[in-house]
1. How many residues, within the stretch 74-89, are more than 32 Å from the chain's Cα centre (by Cα) and open to solvent by less than 70 Å² (accessible area, probe 1.4 Å)?
2. If the requirement is being out of contact with any helix residue (DSSP H, G or I) (no Cβ under 7 Å at 6 or more places or on another chain) and more than 23 Å from residue 374 (Cα to Cα), which of these qualifies: 333, 341?
3. Applying the selection to the stretch 253-273, what residues are open to solvent by less than 20 Å² (accessible area, probe 1.4 Å) and either over 26 Å from the mean Cα position of the chain (by Cα) or free of Cβ contacts under 8 Å to residues at least 24 places away in the same chain (or both)?
4. Identify all residues within the stretch 366-394 that are over 31 Å from the mean Cα position of the chain (by Cα) and either part of a loop (DSSP other than H, G, I, E, B) or β-branched (Val, Ile, Thr) (or both); write none if there are none.
5. Kindly provide the set of residues from the stretch 493-511 that are open to solvent by less than 50 Å² (accessible area, probe 1.4 Å), within 16 Å of residue 564 (Cα to Cα) and not in a helix (DSSP H, G or I), ordered by number.
6. Among the candidates 406, 311, which residue alone is open to solvent by 60 Å² or more (accessible area, probe 1.4 Å), more than 24 Å from the chain's Cα centre (by Cα) and at pLDDT 90 or above?
7. Within the stretch 519-541, does at least one residue satisfy the condition of being open to solvent by 70 Å² or more (accessible area, probe 1.4 Å), at pLDDT 90 or above and part of a strand (DSSP E or B)?
8. Looking at the stretch 542-553, which of its residues are in contact (Cβ under 8 Å) with a residue 24 or more places away in the chain, in contact with a helix residue (DSSP H, G or I) (Cβ under 7 Å, 6 or more places away or on another chain) and either over 26 Å from residue 293 (Cα atoms) or assigned to a helix (DSSP H, G or I) (or both)?
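The values are calculated or read from the model by the stated rules, or taken from the named source; none is laboratory data. Predicted, not measured: the structure shown is a model, and the values here were computed from it. Here Cβ is always computed from backbone atoms with ideal geometry, including for glycine, and neighbour counts include all displayed protein chains. Only protein heavy atoms, including side chains, enter the accessible area calculation; ligands, DNA and RNA are left aside. Shrake-Rupley method; radii C 1.70, N 1.55, O 1.52, S 1.80 Å.
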Amino acid sequence: MLNEKLVKKIVEKNQLLEKGLYDTAVKEAKKQKKDLESYLIEKKLVGESALYEHAAEVLRLPFLNLKNQIIHKDILFLIPEPIALTHKILAFDKDAHNLKIVVTDPNDLQTFEFIRKKTGLSLLLHLATPSQIQEGLKQYHRSLEAEFQTISNPRQSEQQSGREEKPLAELAKDLPVIRIVDTLMEYAIFEGASDIHIEPEERQLVVRYRIDGILQDVMTLPKPVQSGLVARIKILSNLKIDEHRLPQDGRFKIETSEYKVAFRVSIIPVFDGEKVVMRLLNEKSQVLTLEQLGLQPKAHDIVKRNIKKPHGMILVTGPTGSGKTTTLYTILNMLNTPDVNISTIEDPIEYRMPRVNQSQVNPKIGFTFAGGLRAFLRQDPDIIMVGEIRDTETAEIAIHAAMTGHLVLSTLHTNDAVTTLPRLMEMEVPTFLVASTTNVIIGQRLVRKICQSCIQSYNLNTEDITELQKAFNIPSILKTLAREGIILNEKQGLDELLFYKGVGCKECNSTGYKGRIGIYEIFEITPEVSAMVRKHATREELLEVAIRQGMISMLEDGFIKAKSGITTLEEVLRVTKE
């Protein structure tokens, strides 16, 4: 990390920013309690590479581009992994007397002294950008499968029968098993996985990670480690290790200086053993803003306007894994001020929020969404979040709470925003209550973002255009793109428009995608919509009014993001097809 004095020197010397802009950035960084370097890069006022290349000149250090740099394992491991991760340092080359290391902070003298003593070599410092070093650190995990073979196969033929006879509790304490489980979890955290799937087959154990919403095969493990590995996870989750016939659910947490992650564990019996799925919940992850979620300016204004209302309902809809909870937490974070009392009932609590009273449902003892919601109303709340409206009872209590002066946030499983109102009416909630309490409905999906390191533009071919025209109302989509200023006019043909895709590189593991963002439709309940709901309007009639009021559909929002180089058309079609 570069200090403020050095950043100022670099910016002034190389005229990277106008004086006025720089002074404003310094004030804003202090106001937001961020270091200047992070603020400048985050706001894209200065490029990270440019900043560090100029820093290397000032510090008289060679600048190293770590992209496509393969580091030999024996050199990499000269710096222990915990030191490398904590201090953002990588060893990349050496000779008989010197060790070449790449750093972001050339003043970390204490750590350099430690490495000198440990290796017995003089250090030659190079500078690199923090994001490239972060990528380089993943090389500690690159040879993971080879590592697993070493862990699980020593004298396997001799020990296999003996291992199977060991009690499960002992098997779970075997050092190789502990190392496998630890590395599995650590690797998942580094790869940004949301779930780990451990699936037993007849002759092997398959491990898959869900990264950016897509399941990917990561490795296969030998069958003999299966019993010990599952037993180890059961012990961590405080589950019965000798129960193999019934499903079990548990939870545990791991915490280091780098991360704090809760693992939600589900184990079910399958034909070849027990399948384990672990959901990773990063408790240190920062709450996003509405802009970071991916809301268009008009949609952002509608949501902001409606969350300022003192009562009513804000509903977020979409299938499992569409980011509904993240949207609710983002809104809660905006509402979380010292002058309000916020209570939530969730299943489960995914993120901890300071000053928010969070409860978790427990159906075994009768603590349901409806029961918790009733109890909350006796706790003098201003804002209530209900994890999900699943039944008529919960819907009625939530709507009555919204009607009696509370702001209620919740989720519902419907395919789009407009269908939510008929769905509530199907739950036998009186139509006048639905009409008078609902403020805004947010429909959403998550799409993968194009990897910016290998992004490439292209034009649609005739075959692609024909397929799109068959599936969608393209003139209507083009009209919306023109209205929003994304294209010049609605008469432009699809063949004239540039779209984008990632060709695949090391940064994105050759997928062409890195990270995810939401596509949304924001349905504001205006007086006209309320009047129609009271008359039991159908979904089609409500949709017609929403479009007339200027609602951008999820598909249209997806096309806007595809045309802007944020995601691909394939991703938009994948998540919006019904």
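1. Here the count works out to 2.
2. When all the criteria are applied, what remains is 333.
3. Within the stretch 253-273, 262 is the sole residue that qualifies.
4. Residues satisfying the conditions are 366, 377, 378, 379, 380, 392.
5. Of everything in the stretch 493-511, those that are open to solvent by less than 50 Å² (accessible area, probe 1.4 Å), within 16 Å of residue 564 (Cα to Cα) and not in a helix (DSSP H, G or I) turn out to be 497, 499, 502.
6. Result: 311 is the single residue among 406, 311 that is open to solvent by 60 Å² or more (accessible area, probe 1.4 Å), more than 24 Å from the chain's Cα centre (by Cα) and at pLDDT 90 or above.
7. no
8. 542
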